[in-house]
1. Test LEU271 against the criterion of being at negative phi, at pLDDT 85 or above, surrounded by 15 or more Cβ atoms within 10 Å (Cβ to Cβ) and not assigned by TED's automatic domain parsing to the domain that holds GLY17, and give yes or no.
2. Could you tell me which numbered condition PHE347 fails, if it satisfies all but one of (1) more than 30 Å from MET375 (Cβ to Cβ); (2) aromatic (Phe, Trp, Tyr); (3) out of contact with any Leu (no Cβ under 8 Å at 6 or more places or on another chain)?
3. With the requirement that a residue be among the aliphatic types (A, V, I, L, M) and surrounded by 24 or more Cβ atoms within 10 Å (Cβ to Cβ), what does region 90-118 give you?
4. Would you pick out the residues in region 208-243 that are in a loop (DSSP other than H, G, I, E, B), more than 13 Å from the chain's Cα centre (by Cα) and either touching a residue at least 40 places away in the same chain (Cβ under 8 Å) or crowded, with 23+ Cβ neighbours inside 10 Å (or both)?
5. Only one of these is assigned by TED's automatic domain parsing to the domain that holds ALA40 and part of a strand (DSSP E or B): THR75, THR101, THR87. Name it.
6. Give the residues of region 381-401 that are touching a helix residue (DSSP H, G or I) at 6+ places or on another chain (Cβ under 9 Å) and part of a helix (DSSP H, G or I), sorted by residue number.
7. Pairs please, first residue from region 309-330 and more than 21 Å from GLU342 (Cβ to Cβ), second anywhere and of a type in the set (Gly, Ala, Ser), Cβ atoms under 9 Å, 6+ apart in sequence or on different chains.
Amino acid sequence: MARTDKLKLGTFVYTFGFHPAAWLHPGSDVNGANDIAHLAKVATVSEAAKFDFMFFADSPAAAVGHPEALARQPTKMNRFEPITAITALSMVTENLGFVATASTSYYEPYNIARLYASADHISGGRICWNVVTSDHDETGYNYNRQGLDPHADRYDRGEEFLDVVFGLWDSFEDDALLLDRENGLYHDHTKLHQLDHAGPHFQVRGPLNIARTPQGRPVIAQAGGSERGRELAARTAEIVFSLASNIDKNRAFYKDVKSRMAKYGRDPGDLKIMPGIVINVGETRAEGEARAREMVDLMHPEVGLLMLQEFLETDLHGSDLDAPFPMERMPEKAKGSVAMFEEVREFVTQGHTLRELITHYARKHTGNGLTGSCMEVADFMQEWFEAEAADGFILMCPTLPASLEDFTRLVVPELQRRGLFREAYEGATLRENLGLSWPENRYTLARGTAAG
């Protein structure tokens with residue numbers, strides 16, 4: 001059966017773009033990491049194209065690695081804190097939503113509930129929290145820990161954390177504010193609720209001292225890939241950021257996560273699965289491929305070496321770049337993508353040098369997501385959308401705003417011509433534009449159930 005909904009689109013934000021050499025591109029703003037005007041430009045381009053949101057990835061720590069390589073790759077070394085940034089950007093936009101990442105491992109639930117509720121009020125209901133538990137050792141060292149806590153412990157804390165935040169966001173019922181000057185009553189005290197949560201990780205009394213937000217509560221995003229992640233996404237998430245591997249794997253993931261929602265009383269339409277995908281687009285395939293090659297050619301070998309080391313989880317510094325790959329440093333099996341690992345191993349067994357491998361891997365990692373003409377990109381998105389492998393895409397543009405401008409100029413009009421993408425925003429809030437239902441307040445719901 002043909003879909004009646006529309007494709008959803010978001011802009012993935014690393015400051016200069018997804019490619020590690022993006023800051024070297026002549027179309028980027030080299031001062032952009034500390035100038036909100038750069039991100040405001042990305043926001044206005046996204047909003048003019050009627051995108052759903054900007055998605056801010058984050059890690060609350062500088063990257064760790066070889067100093068010379070990190071000195072040439074500023075993505076994690078100099079960046080705005082995302083909740084601050086999205087609040088500022090909401091002041092220069094009217095309809096665009098904003099997704100900001102914050103970790104349950106390094107905040108307290110009350111802080112998160114208050115920060116995101118405040119941002120949601122300030123923006124008029126356009127905020128989303130991307131819930132993560134963090135996955136890099138370097139973050140823990142900034143928060144009184146020796147690296148990361150074990151994965152299971154982070155997930156246990158994260159699940160309870162999310163439940164507490166939801167409870168705090170329900171503190172005020174929707175109609176709790178009376179604003180009755182004649183009788184001197186600001187709010188109805190029977191519609192303000194103390195949470196009194198006591199659990200293994202958190203003791204939180206509440207209530208939250210800010211009213212219910214314009215969209216009931218901020219939207220929730222997650223990257224639910226593991227078994228526990230999928231289950232948590234089915235219970236709580238409204239956007240799932242997945243990887244665009246291949247259409248069959250994504251269809252299976254899509255079906256699996258959405259099939260779990262019924263047991264939580266949720267409609268599958270209240271969860272949008274949006275793979276992240278690297279985009280290199282031109283008017284022709286040759287033009288798209290030329291743009292991908294341009295970015296790889298801009299990248300310093302030290303940066304490529306750092307990327308390759310992170311993928312293989314092996315130390316390659318000190319190796320001769322123009323000699324064959326040192327096979328004694330090749331791991332026995334993949335730590336990440338098995339397909340990419342096998343391709344890398346096959347490439348080096350053909351006698352290619354380490355320098356050649358760096359270039360090959362960089363092209364695959366940063367330019368193999370979706371490279372082609374505007375028609376080919378539109379065809380790809382239409383196929384995935386209609387096959388229910390995706391509800392939309394989060395665009396990991398190699399450079400910002402240049403690659404985003406290419407996409408909005410070349411692809412968006414074609415998606416609109418095909419009736420796949422909106423020409424005007426449907427509502428005032430992110431929740432409305434995504435087609436998500438209103439989140440019922442637990443206390444209002446309980447009162448209605450008791451009365452019935």
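1. no
2. Looking at each condition in turn, PHE347 falls short on (3).
3. Those that are among the aliphatic types (A, V, I, L, M) and surrounded by 24 or more Cβ atoms within 10 Å (Cβ to Cβ): LEU96, VAL99, ALA100, ALA113, ALA117.
4. LEU208, ASN209, ILE210, ALA211, ARG212, PRO214, GLN215, ARG217, PRO218 - these are the residues of region 208-243 that are in a loop (DSSP other than H, G, I, E, B), more than 13 Å from the chain's Cα centre (by Cα) and either touching a residue at least 40 places away in the same chain (Cβ under 8 Å) or crowded, with 23+ Cβ neighbours inside 10 Å (or both).
5. THR101
6. MET381, GLN382, GLU383, TRP384
7. Listed by first residue and then by second, the contacts come to HIS317/ALA69.
A quick yes/no check of all residues on (1) within 20 Å of LEU400 (Cα to Cα); (2) assigned to a loop (DSSP other than H, G, I, E, B); (3) within 20 Å of the chain's Cα centre (by Cα):
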site: LYS255; (1), (2), (3): no, no, no
site: PRO275; (1), (2), (3): yes, no, yes
site: VAL278; (1), (2), (3): yes, no, yes
site: VAL281; (1), (2), (3): yes, no, no
site: ALA290; (1), (2), (3): yes, no, no
site: ARG293; (1), (2), (3): yes, no, no
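The values are calculated or read from the model by the stated rules, or taken from the named source; none is laboratory data. Since we're looking at a predicted model, the values are computed, not measured. Heads up, the Cβs are rebuilt from the backbone with ideal geometry, glycines too, and the neighbour counts pull from every protein chain shown.
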